[in-house]
Amino acid sequence: MDFIQNEIKEIKKLLLALNIKQKDILTIEEASEFLGLSTSRLYKMTSNKEIPHYKPGGKKIYLKRLELEQWITGSRVSTDDEYTLKIDHYLSKPLEH
């Protein structure tokens, strides 16, 4: 019986993830699941204006999935190799007088 209950929980989790991927506008709870952050952390981030969001009527918070994806990918950290290439490129430039 435990096996079946665990399988049902896993199916529910997969269906929720699939539903979120198909939606353009997410609630705070859906965005929390999408980002893997707690809802309290997400509320704090919206309060501090750290993440793009919408508050129609000044109450309920909504987030655009596309903007969340852009926010995630906009926070890219360069690799050490990329920094080395940038340094090499900068040092190879002729000095300007």
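Go through region 25-97 and tell me which helices (runs of 4 or more DSSP H), entirely inside it, have 1 or more residues that are within 12 Å of the chain's Cα centre (by Cα).
28-35, 39-47, 65-73
Of the conditions (1) over 21 Å from K23 (Cβ atoms); (2) open to solvent by 100 Å² or more (accessible area, probe 1.4 Å); (3) modelled with pLDDT under 95, K59 satisfies every one except a single condition; which number is it?
Every condition holds for K59 apart from (1).
Examine region 81-95 for a residue that is open to solvent by 70 Å² or more (accessible area, probe 1.4 Å), among the acidic types (D, E) and touching a residue at least 12 places away in the same chain (Cβ under 8 Å), and state whether such a residue exists.
no
Counting only residues that are among the basic types (K, R) and either within 14 Å of the chain's Cα centre (by Cα) or modelled with pLDDT under 85 (or both), how many does region 13-24 have?
2
Name the pairs whose Cβ atoms lie under 9 Å apart, with the first residue in region 27-41 and among the small types (G, A, S), the second not in a helix (DSSP H, G or I), and 6 or more positions between them or separate chains?
Filtered contacts from region 27-41: A31/L37; A31/I51; A31/H53; A31/I61; A31/Y62; A31/L63; S32/L26; S32/S38.
Within the group K23, K49, which residue is surrounded by fewer than 15 Cβ atoms within 10 Å (Cβ to Cβ) and free of Cβ contacts under 8 Å to residues at least 40 places away in the same chain?
From the options K23, K49, the qualifying one is K49.
The values are calculated or read from the model by the stated rules, or taken from the named source; none is laboratory data. Just so it is clear, the structure is predicted and the values come from calculations on it, not from any experiment. A quick note on method: Cβ atoms are made from the backbone with ideal geometry, for glycine too, and the neighbour counts reach across all protein chains shown. Accessible surface is based on the protein model in full, side chains and every heavy atom, while ligands, DNA and RNA are left aside. Shrake-Rupley method; radii C 1.70, N 1.55, O 1.52, S 1.80 Å.
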